There are 2 protein chains.
Amino acid sequence: MSLNTQWRLIARPEGEVGREHFEVTHLALPEPGPGEVRVRNLYLLIPPSMRLWMNAKETYFPPQPLGEVMTGITLGVVESSRDPSLVPGDYVNGLGGCQEWSIAPAGHLQKLAPRPGVPLAAYRSVLDVQGLTAYCGLTEIGKPKAGETLVVTAAAGSVGSLACQIGKKLGLKVVGIAGGPEKCAWLRDECGIEHVIDYKHDDVAARLDVLCPDGIDIAYENVGGPVMDMLIERLRFKGRVVLCGLVSSYNGGVTQNTASLMTLVNKAARMEGFLVSEYLHRYEDVVGILQDWAAEGSLKYQIEVLDGLDSIVEAIGRVFHGKNRGVQLVKICDERSV
Amino acid sequence: MSLNTQWRLIARPEGEVGREHFEVTHLALPEPGPGEVRVRNLYLLIPPSMRLWMNAKETYFPPQPLGEVMTGITLGVVESSRDPSLVPGDYVNGLGGCQEWSIAPAGHLQKLAPRPGVPLAAYRSVLDVQGLTAYCGLTEIGKPKAGETLVVTAAAGSVGSLACQIGKKLGLKVVGIAGGPEKCAWLRDECGIEHVIDYKHDDVAARLDVLCPDGIDIAYENVGGPVMDMLIERLRFKGRVVLCGLVSSYNGGVTQNTASLMTLVNKAARMEGFLVSEYLHRYEDVVGILQDWAAEGSLKYQIEVLDGLDSIVEAIGRVFHGKNRGVQLVKICDERSV
């Protein structure tokens, strides 16, 4: 095998992530020890929160140590195994890092059973933690009742577009907020979300007033900032804000209007953080539902793949600037070439 | 009887409330109709939220109509009754307005049974909705477990000081944040809250780090703004923010750092608005507990009374600037003179 190309974080970005925050090394990979396997990483997921891991401040991931291989959520194929539970050719999900190969205990990997017609990359994105996030965030924190009004921000994003579609399947009136006519058209025409607001071109407050004349029961919030204030101000009595992420704040400097939060008091409303790690016990059951929908074609998603580890910085930048359509991945190695 | 002096809101204040926002009228009071009583108002409560009722925007009270007698939470004594449930001399709580006398259906009033040694004004403040707010906000939204850490803002205020003391009685470690050495000393020496932070003179963040080394389980929040950001940033896993009020925002212009709210996500924490009207079914039971504590002297409170309806503007100003010690009332008429 070749030398292992690895991307190491060597400096913490203040704002934008750049090539200068990484060092690329090429080192020989050790052989797997007993109980371990060697995995050829195929896909690297680029979630919005990846930027947060680079900060010194602890999030739900410990801060990325400087000088180490950057943490990465990967899908790969087993090349050699010293554990009976996995054999070469098995597809696995794991935390393989931003590198070509990884060594991991077999118990840290999750074996996949890809179905025909569903792209492999979906198993490290929508049919994985993102799907679990959308489904459990909406159902467990949002506690939806059929007929209620759900507003989703970053609605054309990977989690957002799933939350919209799951909301519709649960009988909710769904309003999606996304940036730009292309994303809005995809949500409306592909995903079947009739009520879409383009925050870059529409008067969001006015459109919300038209689309949610009786207010908002559930806000599925991925963004934060002024639009979140507008949603909170329109909460109905006992409304719920599912706080799934606040991507607008990840580079700092964004604020909420404290007066808007008074709506939480006036409406006895609840804003609650959703941490997918609290719902891993529901993984099999929920991802099973999503796989069924994906296989039958009733769950739509977009996957955007950039080619090669060299595109990491560009991929992170695309996610921050909302340029990605749906979930962003980096293809580390083509699955047909292994 | 004399003409009824009434304070009517005639303009909505933008920031501070001033005399110019009111018109004072002197009109004859009609006689009570069947089922109604005439009440001589004795005490008027000045809650921080009173400023909010003056805005055009709906809160948990409908906006105060211009030209009408300003809404007021009052304690009074029945002077004449056309309902068998109340007789002259009965003390009652009600929404008697900012005026000397009021006419109300007997069913809208709550008959009191004052105990010896407990001042009458306490029955329209700490042993009333404020006590219910402190108790139910802490227990129903905060869901405290003995040994947890509770931080209370506006801790020397009427609700805050009760929340601190109830927290201690429930076995919590309590940290109170208040403004100025006098309030802090009262909290510490009178109410027995050992851990007190003076936000006007202390480095609040540094003191929180010392007093809550393992973080905060429950923040009982009355204020909002930068201190609330500090509390949210220090929430423990599954922490709770009881959002009881956001007094710093009532005059506008205050913001929260959106990045701080990410702690709600990272810690799977919850921020929930508390609306006392949702807990009126617990009134008898909770106020009974508080009355027992007050009568035995184990529940401390401060009541500040300004004399006469002419002091309304000053009283509202004192509450906004945090100059009041404990609960602020206006004495409309001396109870010994009726």
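Considering every residue in B:266-279, what mean count of other chain Cβ atoms within 10 Å of its Cβ is obtained? Write down the numbers at each step before the final one.
Numbers: counts 9, 4, 11, 5, 6, 9, 9, 14, 3, 8, 1, 1, 3, 1.
Mean inter-chain Cβ contacts per residue within 10 Å come to 6.
Along the charge dipole of chain A, Cβ charges K/R +1 and D/E -1, which of A:26, A:131, A:45 sits furthest on the positive end?
A:131
So what's the angle, to the nearest 10 degrees on a 0 to 90 scale, between helix A:158-169 and the longest Cα principal axis of chain A?
Approximately 50 degrees, to the nearest ten.
Averaged across A:223-235, how many Cβ atoms of other chains sit within 10 Å of each residue's Cβ atom? Before the final figure, lay out each step's value.
Values: counts 1, 4, 1, 1, 0, 2, 3, 0, 0, 0, 1, 0, 1.
Counting other chains' Cβ atoms within 10 Å and averaging over A:223-235 gives 1.
Between residue A:284 and residue A:321, how many nm apart are label points set 7 Å from Cα along the C-beta direction?
4.4 nm
So which GluC sites (Glu not before Pro) in segment A:157-216 are both in a DSSP loop and have at most 16 other Cβ atoms within 10 Å of their Cβ? Could you put the intermediate results ahead of the total?
On the way: sites: A:182, A:190, A:194; in loops: A:194.
Loop-located and lightly packed - A:194.
Taking chain A as a Gaussian network, where each spring joins two C-alpha atoms under 10 Å apart, which residue of A:258, A:74, A:25 fluctuates the most?
Result: A:258 has the largest fluctuation of those listed.
Could you point to the residue in A:293, B:204, B:175 farthest towards the positive end of the protein assembly as shown's charge dipole, with +1 and -1 charges on the Cβ of Lys/Arg and Asp/Glu respectively?
Result: A:293.
Is the shape of the protein assembly as shown best called rounded, prolate or oblate, per the rule: a/c under 1.5 gives rounded, else a/b larger than b/c gives prolate, else oblate, with a ≥ b ≥ c the square roots of the Cα gyration tensor eigenvalues? Please report the intermediate quantities before stating the final value.
Details: a/c = 2.73, a/b = 2.15, b/c = 1.27.
Verdict is prolate for the protein assembly as shown.
Helix A:283-296 against the longest principal axis of chain A: what's the angle in degrees, Cα atoms only, rounded to the nearest 10?
Value to nearest ten degrees: 80.
Give the peptides A:37-47, B:96-106, A:318-328, A:13-23 in descending order of average Cβ contacts within 10 Å, highest first. Walk me through the intermediate numbers first.
Values: A:37-47: 24.6, B:96-106: 22.1, A:318-328: 20.1, A:13-23: 14.7.
So the order, starting with the most tightly packed, is A:37-47, B:96-106, A:318-328, A:13-23.
How many partner chain Cβ atoms sit within 10 Å of a residue's Cβ in peptide B:248-257, on average, as a whole number?
Values: counts 2, 6, 3, 1, 3, 3, 6, 9, 8, 6.
The mean count of partner-chain Cβ atoms within 10 Å per residue comes to 5.
For a quick check: with amide H placed at 1.01 Å from N, whose amide H comes under 5 Å from residue A:200's, ignoring anything fewer than 5 positions away on the same chain?
For residue A:200, whose amide H was placed from the backbone, the distant partners under 5 Å are A:180.
Using only Cα atoms, locate the centre of segment A:193-220 and the centre of segment A:308-331, then give the distance between them in Å, rounded to an integer.
28 Å
Using helices alone, I'd like the mean residue ellipticity at 222 nm for chain B: each DSSP H run of four-plus residues gives -39500 (n - 2.57), total over residue count, nearest 500. Numbers along the way, then the final one.
Details: 9 runs with 77 residues, N = 338.
Taken over chain B, the calculation gives -6500 deg cm²/dmol.
If I model a spin label at residue B:295 and residue B:118 as a point 7 Å from the Cα along the Cα→Cβ vector, what separation in nanometres do I get?
0.7 nm
Segment B:262-333: Rg/Rh from Cα coordinates, Kirkwood Rh?
Working: Rg = 17.7 Å, Rh = 15.7 Å.
Computed over Cα atoms, the ratio is 1.13.
Pull out the extension gain between residue B:237 and residue B:189, defined as 0.36 nm times the separation in residues minus the alpha carbon to alpha carbon distance; nm, one decimal. Don't jump to the answer; show the numbers that get you there.
Details: separation 48, 0.36 × 48 = 17.28 nm, distance 3.20 nm.
Taking 0.36 nm per residue and subtracting the Cα distance, the gain is 14.1 nm.
Relative to the present Cα-Cα distance, how much length would full extension add between residue B:336 and residue B:58 at 0.36 nm per residue of separation? List each step's numbers first, then the result.
Working: separation 278, 0.36 × 278 = 100.08 nm, distance 3.80 nm.
Answer, rounded to one decimal: 96.3 nm.
If you build the convex hull over the alpha carbons only and average its shadow over all orientations, what do you get for segment A:129-277? Give it in nm² to one decimal.
Numbers: hull surface 32.8 nm².
Mean shadow area of the hull around the Cα atoms is 8.2 nm².
Of all DSSP beta bridges located in the protein assembly as shown, what percent are antiparallel, nearest 5? Could the numbers behind the result be given before it?
Values: 66 of 118 bridges.
Antiparallel bridges make up about 55 percent of those DSSP assigns within the protein assembly as shown.
So the label point sits 7 Å from Cα along the Cα-to-Cβ vector; using that for residue B:107, what distances do you get to the other copies, in nanometres, sorted shortest first?
6.7
Loop-only trypsin sites (Lys or Arg not before Pro) in segment A:84-190, please: DSSP not H, G, I, E or B, and at most 14 other Cβ atoms within 10 Å.
Values: sites: A:111, A:124, A:145, A:168, A:169, A:173, A:183, A:188; in loops: A:145.
Here the sparse-neighbourhood loop sites are A:145.
Taking a virtual spin label 7 Å from the Cα of residue A:26 along the C-beta vector, which residues in segment A:78-100 bring their backbone nitrogen under 19 Å of it?
A:98-100
Which pairs break 30 Å Cα to Cα here: A:168/A:267; A:57/B:168; A:143/A:300; A:57/A:238; A:57/B:183; B:57/B:168?
Beyond 30 Å: A:57/B:168; A:57/A:238; A:57/B:183; B:57/B:168.
Once all Cα-Cα distances of segment A:218-258 are split into 10 Å bins that start at 0, what whole-number percent is in each one?
Binned Cα distances yield the sequence 30, 56, 13, 1.
FYI, it's all coordinate maths here, none of it is from the lab. Quick caveat, the model's predicted, so the values are computed rather than measured. Note that each Cβ is placed from the backbone with ideal geometry, even for glycine, and that neighbours are counted across all protein chains shown.
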